[in-house]
Each structure stands twice: as C-alpha cells, then as structure tokens.
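These notes are about the structure you will find just below.
The values are calculated or read from the model by the stated rules, or taken from the named source; none is laboratory data. The structure presented is a predicted model; accordingly, all values stated were derived computationally and were not measured. Note that each Cβ is placed from the backbone with ideal geometry, even for glycine, and that neighbours are counted across all protein chains shown.
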Amino acid sequence: MTRTRRCLATLVAVCIGFGGVAPTAQAAGLISAEQVAASVGPRSATDDRAQLLATLERTDVAAELVARGVSVDQARLRVAALSDAEAALLAAEIDKAPAGAGELIGTLILVFVVLVFTDIFGYTRIFPFIKSNR
C-alpha cells in the first residue's frame, strides 16, 4: 500500500514539475489580444454567408438536409434571405455547436470515473458497492 502511494506521489510530482516548465518555454511566443483582433479582423455579412454556404456544401450536411425533407437549393435560398445579423448569429452558433450529445454527458461521465477511482484507492467512500484497498 505504501509503495503504491509513493509511486502515485512521484508521478504527481513529476507531472507538476513538467507542467511548470512548459508554459515558460512558450512564453517567448505570447501575443496580445490586440494582435489577435487585428489578425482576425471584423467579419462581414458576406463572410458569414460564405461560411454558411460552405457548410451546406459538405456531403454530410447535405445528406442530413435531404433526410429531413429540405433540398440543398432551398437551404441556399434561405441563407440568402437571412438578414446580416441573423447570418452572423447563425455562423457563430455553427462554430460553437457541439457535435454529439453535448458537454454535459461527457462531464458527468468524467466526474463519475474520477469518483470511482478515488473510491478504489480508498480516498473516499462514496459508492458502497466498491471495495477499497483499505
């Protein structure tokens, strides 16, 4: 039991030690927020519509539209009919939208796995069905 804890403590110490070295190695390449804003620049409504139309050109998106009863031509016409604000909002939402079930499920699974491992190692006693090494 003591050997396992020593190995775990050594591993954590090494990870923390290397974690402190990595950011300082990258510090020479830091850029300011103004530089990022200048490189990205303001997006125009034409850019937003072009992004939406490029998304419609993807085969997986086109197949989903057809499966739901919407032709790609109808979708293009609807993108053209959007106002500038609507196009900007939709383009931003497409970039942020999760692909799949969402972040909540993944986060809950991660928390559950961490709690199970802390129960197995004997640090907590949350789940009564898990036998710890203590």
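Descriptive notes on the structure:
- Restricting region 91-131 to residues that are at pLDDT 75 or above and closer than 30 Å to residue 79 by Cβ, the residue that is surrounded by the most Cβ atoms within 10 Å (Cβ to Cβ): 91
- Filtered by the rule that a residue be at pLDDT 70 or above and over 30 Å from residue 94 (Cα atoms), region 18-52 gives no residues.
- Within region 57-68, tally of residues that are within 22 Å of the chain's Cα centre (by Cα) and surrounded by 10 or more Cβ atoms within 10 Å (Cβ to Cβ): 2
- Cβ-Cβ under 7 Å pairs, at least 6 apart or on other chains, region 60-79 side assigned by TED's automatic domain parsing to the domain that holds residue 50, far side among the acidic types (Asp, Glu): none
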